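Below: the structure, in structure tokens.
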Amino acid sequence: MRKVILIGSPNSGKSLLFNRLTGMHQKVANFPGITVDMASGPMQSLPDVTIVDYPGTYSLQPISGEEEVAVEHFKHALDDPQVVHVLCLIDATRLEKSVYFMLQVIRECESHGKRVVVLANMMDILKKHQISIDLEGLAREIKAPVIGISARTGIGFNDLVESLNSDINLDEKSVDSGIAEVPDAFLRGTAHQLARRYGPKGDILIKSQTRLDDFFLHSVFGGISFFVIMYLLFQSIFTLAAPAMEGVESALGWVSDWVVPAIGSQMARDFTADALFSGIGAFLVFVPQIFVLTFVIGILEDSGYMARAALICHKPLRVFGLTGKSFIPMLSGVACAIPAIYAARSIDSPRKRLLTYMAIPLMPCSARLPVYTLLIAAFIPQVTAFGGLLGMQGLAMFAIYFFGMASGLVVTGLVSRMSEDHYADLPFVLEMPPYRIPAWQPLIRNSWNRSKHFVTKAGKIIFAVTVVVWILGYFPNFGQDLAASWLGYLGLWIEPLFAPLGLDWRYGVAVLTSFLAREVFVGTLGTMFGIEGAEENMVPLVAQIQASGLSIASGLALLVFFAIALMCVSTMAIMARESESNTLTLKLFAAYGLAAYGLAVLTYNVATLFS
Amino acid sequence: MAISLWSLKVGDRCRIECFDDTLADSYRVRVMELGFHPGEVVSCVQAPAFGAPKVYRVSNTMFSLDEEVAAHIRVVLLTANA
Ligand SMILES: Nc1nc2c(ncn2[C@@H]2O[C@H](COP(=O)(O)OP(=O)(O)OP(=O)(O)O)[C@@H](O)[C@H]2O)c(=O)[nH]1
Ligand SMILES: [Mg+2]
């Protein structure tokens, strides 16, 4: 087996090329530092070749976590006899950011007898603007082959494959680019000259970027547009997903009307109706929201706006001990805490990375979405204006999302002030990628994968919990009286814990089960109401909550509880691994659990005063 | 006369001269790696309000630097924006 490694500066298109060559689906987005770990897979056109995708790095002197990963693995690869080729990607539209690292790679490869092929990516953009650059001249100068490619359109792929094939037999032909042993400082000077000589000339490439930046980074409009974009993100979860959610709901209702009566045994019929349709079905209804959320965040990432948002947020986030670079992990935390924790690797300051870990579990992740949507739909009237752009439920969602994010900032602000060097920290240096029209297909695929992951998770945890809850709730009296079931007894035992929130035991059980994963709440509740309700056809969970006598004050307390508590086993596992600290993870779990409970009790009591 | 990169206004062009000793080594090297190399011509393209990091252009690449870096880069003003 041969290995070919893909290395290069951040945001130069390595992962997109990797995906094209292997048919895999690594995350691709228009922001430097998206890939934080290694990935590998066989090349489709040459199955004996394994391609390895690296995180991006600007040099062999790493300053952030994912750069460290890249440099570390590159050093190993240099001594790995299986690695035959090193493909070094440079961004042909902006040589200045990639040639220095390219020279370093050439130098290291030369002294280790590895073959480098330089891939000048993004040739489609140069073509579009009818700009030509002298790749042959560059190749002569660096004494390494340079192939112009486009990872997006496939330009140059034939040459690339050919070079991987042809060079193989010329093994050990010594290459001499004359830069072995040359110190870094000299390479920086060379890089500077090469970029000047061979880089595309003129302003065409950055004109449109500057115009858009004039708006998005404007002193006034920049801030306003930031809030408008964030608000639209949350409103879209409702507006765009609503039809699909109704579709799933009625489809499930239709299938259950058709399936349930056809089942012979009474118990199997009850199980199907309560645990499968009411329990798991209640949760499937939210899949379209997960899709929309991932999709909209994906648009922000791939358009290049995310880097602008990081810049706008840098100053405000510093007040809370964070950096503008914390913004991306925190916003991905809105989809799911797990990728967010990985994304935090790109934060160069270890302390700010740690603080970002503390904030991430408070970001309103998509597992909270079903809980929020359900409770908001149960209590907040469905009033909209401006054709769905502005709505009461959207505003309520915005408020609860804001509450989660704000509490994250309060925590990091307080914690960072406990240490002396609150302000003394590493500076902020970030490449501003160009604005791009998002690549729709990978975006849709990524959103689809997330939704699928959500459903598979349902297939495991939620199914298991729902079945256990159903069994406990159905026996020993065969679903005649939920309160007298085993679950009911258990519920009585925990009820005192939830009484200060005005919640009865059914909600208590649902909250406890959701410590495995938040969305289990919906499944558990659905199952219990399913057992209680005599109907064999599906009743929407919202209606059942409204009928269950849950007061608005308790509903609010529940919202607050879910916003704060760290209820996700997988997040805790990943956090312990990435932060290399079990104590931090356990402390956060305990602190957020207690704070959630305390604040929920407070909310309940205050809200009761007003209602 | 050398001024700091941070003091540039939008539209100003300058040439990088050298770096203050006060800038941490790793960041001095990093900005040079990114193209802020002595002799390079750099311009300031965005200066958002409230002390947010500014955006500088090196050839075709844009980087945003905050005051903590940019204030330590000594430059010579070439053309000031009218
Ligand atoms: N127009 C065009 N866009 C490209 C090309 N290659 C990559 N892109 C875009 O460039 C952005 C970055 O691509 P990635 O593949 O994520 O880059 P990467 O090098 O893996 O980035 P990191 O993992 O952050 O180091 C994405 O928005 C891609 O769609 C190309 O050849 N042409
Ligand atoms: Mg990548």
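Every read-out reported here was derived from the displayed coordinates using simple, explicitly stated rules and does not represent laboratory data. Here the structure is a predicted model, which is why all the values come from computation and not from measurement. No Cβ is skipped: glycine too gets one built from the backbone with ideal geometry, and neighbour counts run over all protein chains shown.
Rounded, prolate or oblate for region A:2-202? Axes are the square roots of the Cα gyration tensor eigenvalues, ordered a ≥ b ≥ c, and the cut-off for rounded is a/c under 1.5. Please report the intermediate quantities before stating the final value.
Working: a/c = 1.18, a/b = 1.06, b/c = 1.12.
Verdict is rounded for region A:2-202.
Could you check what % of the DSSP bridge pairs in the protein assembly as shown are antiparallel, to the nearest 5?
Values: 32 of 53 bridges.
Just about 60 percent of them are antiparallel.
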Legend entry - Given A:K14/A:K201; A:K127/A:K201; A:K27/A:K325, the pairs whose alpha carbons are separated by over 22 Å: A:K14/A:K201
Legend entry - Residues whose placed amide H lies under 5 Å from that of A:H85, excluding near-sequence neighbours: A:K3, A:I5
Legend entry - Residue mean of other protein chain beta carbons inside 10 Å, A:217-223: 4
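Looking only at other chains, what is the average number of their beta-carbon atoms within 10 angstrom of each beta-carbon in A:89-95?
On the way: counts 0, 0, 2, 0, 3, 6, 4.
Partner-chain Cβ atoms within 10 Å, mean over residues of A:89-95: 2.
Where nothing but the Cβ of Lys and Arg (+1) and of Asp and Glu (-1) is charged, how large is the charge dipole of region B:3-77 around its Cα centre, in debye to the nearest 20? Intermediate values should be presented prior to the final figure.
Values: 8 positive and 10 negative charges, 67 e Å.
Charge dipole of region B:3-77: 320 debye, to the nearest 20.
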Legend entry - Extreme residue, positive dipole direction of chain A, given options A:G113, A:L164, A:N11 (C-beta unit charges): A:N11
Inset, instruction - With θ set to phi - 60°, apply the Karplus curve 6.51 cos²θ - 1.76 cosθ + 1.60 along region A:545-562 and write out the HN-Hα couplings as whole Hz, x wherever there is a Gly or Pro. - result: 5, 4, 7, 7, x, 6, 7, 4, 4, 5, x, 5, 4, 4, 4, 5, 4, 5
Legend entry - Under 19 Å from A:K452, Cα to Cα: aspartates and glutamates that are on another chain or at least 8 residues apart: A:E246, A:E249, A:E519
Inset, instruction - Give me the angle, in degrees from 0 to 90, between the Cα long axis of helix A:569-578 and the longest principal axis of the Cα atoms of chain A, rounded to the nearest 10. - result: 30
Legend entry - Vicinal HN-Hα couplings computed from phi for region A:362-376 (Karplus, 6.51 cos²θ - 1.76 cosθ + 1.60; Hz; Gly/Pro x): 8, 5, x, 6, 5, 6, 7, 4, x, 5, 4, 4, 4, 5, 5
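To the nearest 500 deg cm²/dmol, what mean residue ellipticity at 222 nm is calculated for chain A from DSSP H runs of n ≥ 4 alone, each contributing -39,500 (n - 2.57), summed and divided by the residues?
Working: 28 runs with 359 residues, N = 611.
When only DSSP H runs of four or more count, the value is -18500 deg cm²/dmol.
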Inset, instruction - Based solely on C-alpha atoms, express the radius of gyration and the Dmax of chain B in angstrom. - result: 11.4, 36
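Provide A:D134, A:D213 in ascending order of the number of other Cβ atoms located within 10 Å of each residue's Cβ, fewest first. List each step's numbers first, then the result.
Details: A:D134 12, A:D213 22.
By the 10 Å Cβ count, ascending, the order reads A:D134, A:D213.
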Inset, instruction - Please report how far the C-alpha centroid of region B:11-37 lies from that of region A:277-332, rounded to the nearest whole angstrom. - result: 33
Legend entry - For chain B, calculated [θ]222 nm from helices alone, where every DSSP H run of n ≥ 4 adds -39500 (n - 2.57): -4000 deg cm²/dmol
Legend entry - Charge dipole (chain B, unit charges on Cβ, about Cα centre) - positive-most of B:T22, B:F63, B:C44: B:C44
Legend entry - Student exercise, chain A dipole from Lys, Arg, Asp, Glu Cβ charges, in Debye to nearest 20: 960
Legend entry - 19 Å reach of a label modelled at A:H129, 7 Å along Cα-to-Cβ, counting backbone N of region B:2-35: B:11, B:35
Legend entry - Calculated FRET value between B:R15 and A:K75, using beta carbons and R₀ = 60 Å, to 0.05: 0.95
Legend entry - Which of A:I531, A:I299 has the fewest Cβ neighbours within 10 Å, and the rest in rising order: A:I299, A:I531
Legend entry - Phi to ³J(HN,Hα) by Karplus 6.51 cos²θ - 1.76 cosθ + 1.60 over region A:277-284, Hz, x for Gly, Pro: 6, 6, x, 6, x, 4, 8, 4
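Which of rounded, prolate or oblate describes region A:207-340 when judged by the alpha-carbon gyration tensor and an a/c cut-off of 1.5?
Details: a/c = 4.45, a/b = 2.77, b/c = 1.61.
In terms of gyration-tensor shape, prolate.
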Inset, instruction - Compute the long axis of helix A:520-532 from its Cα atoms, compare it with the longest principal axis of the Cα atoms of chain A, and write down the angle in degrees, 0 to 90, nearest 10. - result: 30
Inset, instruction - Could you tell me which of rounded, prolate or oblate describes region A:300-355, using a ≥ b ≥ c as the square roots of the eigenvalues of the alpha-carbon gyration tensor, with rounded for a/c under 1.5 and, failing that, prolate when a/b is larger than b/c and oblate otherwise? - result: oblate
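What relative contact order, as a whole-number percentage, does region A:465-540 give when Cα pairs under 8 Å and 6 or more residues apart are counted?
On the way: 77 pairs, mean separation 23.9, N = 76.
Relative CO of region A:465-540 lands at 31 percent.
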Legend entry - Farthest toward positive dipole pole in region A:1-150 [+1 Lys/Arg, -1 Asp/Glu at C-beta], among A:V71, A:Q130, A:G41: A:Q130
Inset, instruction - List the relative contact order of chain A as a percent without decimals, with contacts defined as Cα pairs under 8 Å and 6+ residues apart. - result: 13
Legend entry - Approximate spin-label separation A:W493-A:A439, in nm, with each point projected 7 Å along Cα-to-Cβ: 5.4
Inset, instruction - With everything on Cα atoms, drop me the angle between helix A:221-239 and the longest principal axis of chain A, reported from 0 to 90° to the nearest 10. - result: 50
Legend entry - For A:L119, residues with placed amide H under 5 Å, excluding near neighbours: A:C88, A:L89, A:I90, A:I147
Inset, instruction - Counting other beta carbons within 10 Å of each Cβ, put B:T79, A:T153 in order, fewest first. - result: B:T79, A:T153
Legend entry - Test item: Cα-centred dipole of region A:2-202, Lys/Arg +1 and Asp/Glu -1 on Cβ, debye: 740
Inset, instruction - Over all alpha-carbon pairs in the protein assembly as shown, figure out the percentage whose distance exceeds 50 Å. - result: 21
Inset, instruction - Enumerate the amide H contacts of B:V58 below 5 Å, restricted to partners 5 or more residues apart or on another chain; note that Pro and chain-start residues carry no placed amide H. - result: B:F63
Inset, instruction - Compute the semi-axes of the equivalent ellipsoid of region A:513-611, taking the square root of 5 times each eigenvalue of the Cα gyration tensor, and list them largest first in whole Å. - result: 30, 20, 7
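Per the Kirkwood treatment, what hydrodynamic radius in Å, one decimal, follows for region A:372-510 from the mean inverse distance over all distinct Cα pairs?
Values: mean 1/r = 0.0479 Å⁻¹.
Final number for the Kirkwood radius of region A:372-510 is 20.9 Å.
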